[in-house]
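Bear in mind that the values in this text are calculations on the coordinates, not laboratory data. Computed from a prediction, not measured in an experiment: that's the story for all the values here. Positions of Cβ are backbone-derived with ideal geometry, glycine not excepted, and every protein chain shown enters the neighbour counts.
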Amino acid sequence: MVFPSTTELLGIIKQQTKYYESYYSNEGSPPPDHYSSPQANERKLPADIELARQAAREACIQLYELLSTPTDILMDVAPASTRVMAVDFIYTHRIGYDLGWGDKITYRELAEARGLDEDDVRRMLRLSMAWLLFDETDDGMVVHTAPSFALATNTGLSAWIGIMTKENWPSMLKMSEAVVKYPGSQEQMESAYAMAHHLVEPLFQTWEKDPKRIKRFTKGMEFIHATFGAQPLDVLQGYESPDNAIPTLVDIGGSKGHVSIGLAHAHPKWKFIVQDLAQTIAVGEKELPEQLKDRVHFMVHDFWMEQPVKAADVYFFRLIFHDWSDKYSIRILRNLIPALKKGAKVIICDTCLPDKNAVSPYQQRQHRGKDIIMKSFSNGKERDATDWAALFKGADSRFEFLGVRLPPGSELIWGGEEAIIEAVWSPSSEDV
């Protein structure tokens with residue numbers, strides 16, 4: 001892969017930044033910074049402006065790295081780790097969570113409110129300020145910046161930070177040990193996460209017994225999916241039921257049914273069945289809009305058991321398979337087989353890793369980072385197109401892999417494309 005030169009990167013930065021700034025200029029306002037507005041850079045931009053912002057940001061990172069020596073690249077691990085420590089400190093002690101935008105507070109008041117030492121708080125917050133989290137006024141008072149205010153006021157973002165620092169960070173530090181102790185393992189209980197957190201039973205079962213933990217995970221994932229994930233409302237694009245009956249989509253592991261509800265609005269001739277565990281289903285049924293109750297139904301079902309809904313047209317999974325290794329993902333697919341009619345589709349909305357040379361090192365960093373997080377978490381994995389094809393083939397040769405497509409706007413998603421992966425059940429006439 002040919003990388004841009006420093007001069008070319010400067011040109012990209014200049015061009016894309018000018019385009020980005022023109023959006024605000026046309027609105028009669030300056031581009032946001034992190035100190036003058038609590039909503040700095042949080043507004044949803046038009047797609048072309050967002051792409052310009054991302055292109056300029058990526059070019060800045062590439063330029064920084066081209067101007068770095070090999071030693072510089074390696075030494076950058078030190079400040080990066082202190083950033084995690086600073087964010088974890090703020091999250092753990094809820095520093096500034098009750099401080100309004102523009103309000104001032106002393107270090108002593110912050111420390112006393114949390115039962116901490118004043119000097120410890122001052123030193124940790126001055127580190128945080130170097131990472132744009134909080135600011136210190138000329139008279140020595142602490143005030144919010146846009147990033148610290150977002151952490152304090154956005155409960156979903158705060159929960160996601162908690163997942164990163166409390167759940168994922170300890171397991172990352174165990175990865176090197178885990179691959180020696182359990183080489184090539186596909187088992188949850190042999191993951192870096194299991195080692196770091198001293199699990200005595202699988203992690204999802206562990207979380208079910210810890211309401212605060214499962215609440216944090218749920219809120220954090222809802223934030224990520226709503227903010228950065230593609231809303232897969234075009235999964236049925238171009239799909240026609242093979243007969244004139246009302247077609248049915250089964251949304252497996254569908255949580256509270258937000259995808260099925262969106263699809264129901266977009267496809268008024270379809271029926272939807274959302275499956276999940278009992279507690280989640282109870283919430284989904286309660287929150288379901290009245291006008292959709294004749295077409296969106298909920299069912300308690302564990303995808304480790306045989307699929308009870310027979311002869312549906314589509315069986316749909318969103319962000320399920322990356323939690324699981326191939327061994328268990330194949331088991332999930334095989335549990336569908338007794339229910340499948342000829343021509344039934346299995347549609348998966350999940351990450352599809354790009355080819356190595358298809359994207360920049362910066363973008364690869366996002367993709368490969370997600371893959372190793374899933375490895376450390378549960379010995380799960382992110383997959384490329386070849387991996388997805390092999391998964392269906394490994395489950396049963398009667399699955400015909402139809403390929404991978406990227407929904408509109410997938411290039412805007414943080415951390416990688418949320419792709420649509422499809423297969424159709426195609427048994428021979430002898431099998432039917």
Please give the residues of the range 333-374, grouped as numeric ranges, whose backbone N is less than 15 Å from a label point set 7 Å along the Cα-to-Cβ vector of residue 3.
357-366
Is there a quick way to get the dipole size of the range 232-425? I mean about its Cα centre, with the Cβ of Lys and Arg at +1 and of Asp and Glu at -1; what is the value in debye to the nearest 20?
320
For a quick check: with amide H placed at 1.01 Å from N, whose amide H comes under 5 Å from residue 324's, ignoring anything fewer than 5 positions away on the same chain?
381
Evaluate E = 1/(1 + (r/R0)^6) for residue 18 and residue 43, where r is the Cβ-Cβ distance and R0 equals 22 Å; express this FRET efficiency to the nearest 0.05.
0.70
Residue-normalised 222 nm signal for the chain, counting each DSSP H run of n ≥ 4 as -39,500 (n - 2.57), nearest 500 deg cm²/dmol, is -14000 deg cm²/dmol
Just to be sure I understand: of the beta bridges DSSP finds with both ends in the range 232-425, what percent are antiparallel, rounded to 5?
40
Of the candidates 11, 162, 284, which one comes out as most mobile in a Gaussian network treatment of the chain with C-alpha springs shorter than 10 Å?
11
Dipole of the chain, positive end: most advanced residue of 130, 22, 373 [Cβ charges, Cα centre]
373
Lys, Arg +1 and Asp, Glu -1 on Cβ, resulting dipole of the range 6-67 about Cα centre, debye, nearest 20
80
Using the Cα centre of the chain as origin and beta-carbon charges of +1 (Lys, Arg) and -1 (Asp, Glu), tell me which of 325, 64, 153 is placed farthest towards the positive end of the dipole.
325
Work out the length of the dipole vector of the chain about its Cα centre, built from +1 on the beta-carbon of each Lys and Arg and -1 on the beta-carbon of each Asp and Glu, and round it to the nearest 20 debye.
660
Could you give the length gained by full extension between residue 61 and residue 362, i.e. 0.36 nm per residue of separation minus their alpha carbon distance, to one decimal place?
107.6 nm
Determine the percent antiparallel among the DSSP beta bridges restricted to the chain, to the nearest 5.
45
Restricting things to Cα coordinates, could you compute the convex hull volume per residue of the chain in Å³?
191
Charge dipole of the range 265-329 about the Cα centre (unit charges at C-beta), most positive-ward option of 307, 297, 270
270
Can you name the helices of the chain, as whole DSSP H runs, whose Cα span along the helix axis is 15 Å or more and whose Kyte-Doolittle mean is not below 0.0?
47-66, 77-93, 385-395
So how do 336-347, 57-68 stack up, highest first, on mean other-Cβ count within 10 Å?
336-347, 57-68
